[in-house]
Amino acid sequence: MAYVLNEAPAGPRVTLPALFTTFLKVSLFGFGGPIVWARRFIVEQQHWLTDQEFADLLSLCQFLPGPNVASITVCLGSKLRGPAGAAAGLAGFIVIPWSIGFGLGALLLHFAGVGGLRNTLHGVSAVGAGLIIATGLRLLTPHRTRPMALLFAALAFVGLAIAKLPLLLVVTALAPLSIAAALTERAILR
Amino acid sequence: MNLPAALIAHLALLSLISFGGFPSVLPDLRDFVVGTNGWLTDRDFANCFAIVQAIPGPNMILMTSFIGWQVGGLPTAIASALATFGPSCAVAYTAFRFWDRFRDTAWQSIVRRGLAPVTIGLVIAGGYVMARVGDAGWASLAVTLAAIALMLGTRISPLWLVAAGGALGALGVL
């Protein structure tokens with residue numbers, strides 16, 4: 001797949017405040033999946049990227065460690081305005097939303113032991129776990145015809161969830177083997 | 001190493017290897033914070049997780065900030081936030097510069113095809129561990145299963161599912 005991200009954008013130069021406010025909005029609207037909002041603001045409103053460019057950027061960032069949207073912010077800010085752009089986007093994405101979220105959350109945590117709130121949080125936590133599992137299953141769908149992919153997904157799951165191994169160990173043990181398996185698949189396909 | 005420094009070093013390490021984002025670090029983070037060091041109870045950890053589902057903003061960064069806050073107050077919360085996004089953003093910045101140079105090369109697609117399944121397994125593991133955290137009984141597991149089914153089978157917004165889970169909890173069903 002091609003990444004056509006380093007080309008200069010058409011149209012007028014994007015300003016640093018525009019980067020700051022756009023990623024501020026992505027972060028604040030980020031209920032239930034910030035990716036949806038990132039696409040809406042970046043592609044539909046600002047026209048900084050086409051749909052295809054956004055999909056390419058997203059697939060690169062899903063492959064990198066860390067929160068996907070933070071990586072998108074850094075990559076897009078850097079593409080549009082270099083290091084200053086990356087910093088402006090990241091500041092917009094984090095500073096104000098973090099302060100608001102931290103204030104709200106600290107208040108909730110303070111009262112987390114109180115009966116009604118404790119039960120509510122329990123329900124929210126159960127749903128949150130389900131949302132994560134559903135996201136994982138959906139990501140797995142395109143790989144369902146590859147036995148090796150299913151095997152390595154299962155090994156990663158067992159290593160982390162059942163055997164309770166450290167993440168570093170699971171990643172460093174499985175990633176090279178899984179990449180080697182993907183290489184073999186390709187050789188067989190040829 | 002004093003207590004906040006150990007937490008921050010661990011968060012920075014997890015940031016660098018958090019393929020799949022937030023969910024993949026949850027099992028390791030829980031073992032480190034609740035199991036190995038006993039800084040938080042299982043219920044505290046689950047509460048941090050629940051709260052970031054219910055508020056907007058960068059939720060992975062907020063969750064580690066809440067953990068930091070409970071371990072060492074506001075300075076540790078801020079340091080935890082920086083340790084969570086700093087290393088991974090530095091990787092993103094560097095990768096973005098290099099990646100384009102090697103675009104269309106065969107090994108790039110092989111690396112992606114190889115890494116994707118491992119990432120997906122880690123994400124599902126994160127959800128599984130959070131589903132069983134604390135005093136999760138059969139009713140709680142049923143809610144998790146229902147959320148999975150509704151997410152996969154319908155186009156309902158996750159926001160409604162979170163609200164419904166909170167309401168069921170408040171009614172004392174779980």
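Tabulated results
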read-out: Those residues of the range A:95-128 which are touching a residue at least 40 places away in the same chain (Cβ under 8 Å) and surrounded by 23 or more Cβ atoms within 10 Å (Cβ to Cβ), in sequence order; value: A:Pro97
read-out: B:Phe32 vs. criteria modelled with pLDDT of 85 or more, within 30 Å of A:Met148 (Cα to Cα) and not β-branched (Val, Ile, Thr); value: no
read-out: Count of the range A:33-55 residues which are assigned to a helix (DSSP H, G or I) and more than 9 Å from chain B (Cβ to nearest Cβ); value: 16
read-out: Extreme residue, nearest to B:Ala50 (Cα to Cα), among residues of the range B:16-39 that are out of contact with any Leu (no Cβ under 9 Å at 6 or more places or on another chain) and part of a loop (DSSP other than H, G, I, E, B); value: B:Gly21
read-out: Search result, residues across the range B:121-174 that are surrounded by fewer than 22 Cβ atoms within 10 Å (Cβ to Cβ), free of Cβ contacts under 8 Å to residues at least 60 places away in the same chain, on the phi < 0 side of the Ramachandran plot and assigned to a loop (DSSP other than H, G, I, E, B); value: B:Arg132, B:Ala136, B:Gly137, B:Thr154, B:Arg155, B:Ile156, B:Ser157, B:Leu171, B:Val173
read-out: Any hit, the range A:158-169, residues being in contact with a Phe, Trp or Tyr (Cβ under 6 Å, 6 or more places away or on another chain), under 30 Å from B:Ile156 (Cβ atoms) and surrounded by 16 or more Cβ atoms within 10 Å (Cβ to Cβ); value: yes
read-out: Only listed residue being in contact with a strand residue (DSSP E or B) (Cβ under 6 Å, 6 or more places away or on another chain) and within 7 Å of chain A (Cβ to nearest Cβ), chosen from B:Ser65, B:Ser88; value: B:Ser88
read-out: Only listed residue being facing chain A (nearest Cβ under 7 Å), within 26 Å of B:Ile51 (Cα to Cα) and not acidic (Asp, Glu), chosen from B:Ile156, B:Ile124, B:Ile110; value: B:Ile124
read-out: Restricting the range A:77-86 to residues that are at the interface with chain B (Cβ under 10 Å from one of its Cβ atoms) and without any contact (Cβ under 8 Å) to a residue 60 or more places away in the chain, the residue that is farthest from B:Gly20 (Cα to Cα); value: A:Pro83
read-out: Residues of the range B:1-52 satisfying the condition of being among the small types (Gly, Ala, Ser) and touching a strand residue (DSSP E or B) at 6+ places or on another chain (Cβ under 7 Å); value: B:Ser15, B:Ser18
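The values are calculated or read from the model by the stated rules, or taken from the named source; none is laboratory data. Remember, it's a predicted structure, so these values are computed and weren't measured experimentally. Counting neighbours? That spans all protein chains shown, and the Cβs are built from the backbone with ideal geometry, glycine included.
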